[in-house]
Amino acid sequence: MSVGWPRLVSMIAVADLIRFEAAHPETGWRKERAIRDELALTPARYFQLLGRAIDTRAALEVDPMLVHRLQRMRERSLRR
């Protein structure tokens, strides 16, 4: 059974995703392990949710500098 974006957002707050990303700026297996252990998500699902979360007002209210940095990183990767 698939859980859609609105339902998953209610389960995991946008603020929680942004705070997690701020606390775990590294990449690699340690971050993937933390995603699984702390959020009970697969890394792929986490990054899907984070990608959507950074376009919300709630994310900007939590950490505007981090959100803008993540948006720039996403746009750079889409241009390649």
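The values are calculated or read from the model by the stated rules, or taken from the named source; none is laboratory data. As the structure is a prediction and not an experimental result, all values here were calculated from the model. A quick note on method: Cβ atoms are made from the backbone with ideal geometry, for glycine too, and the neighbour counts reach across all protein chains shown. SASA here: full protein model, heavy atoms, side chains in, ligands and nucleic acids out. Shrake-Rupley method; radii C 1.70, N 1.55, O 1.52, S 1.80 Å.
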Revision key, fill the gap. Whole-percent carbon and sulfur contribution to the accessible surface of the chain (1.4 Å, no ligands, DNA or RNA) stands at 54 percent
Point to revise | Segment Arg69-Thr42, length gained on full extension (0.36 nm per residue, minus Cα span) | key: 7.4 nm
Point to revise | Residue-normalised accessible area of the chain, expressed per residue, 1.4 Å probe, Å² | key: 71 Å²
Practice item. Using 0.36 nm per residue of separation minus the Cα-Cα distance, give me the extension gain between Ala34 and Asp55 in nm, one decimal. Key: 5.2 nm
Review point. Which value, in debye to the nearest 20, gives the size of the charge dipole of the chain about its Cα centre, when Lys and Arg are +1 and Asp and Glu are -1 at the Cβ?
Key: 360 debye
Review point. Which of the listed residues, Leu17, Ala58, Gln71, is farthest toward the dipole's positive end in the chain, when Lys, Arg count +1 and Asp, Glu count -1 at the beta-carbon?
Key: Gln71
**Study point:** Per-residue [θ]222 nm for the chain (sum of -39500 (n - 2.57) over DSSP H runs n ≥ 4, rounded to 500)
**Key:** -20000 deg cm²/dmol
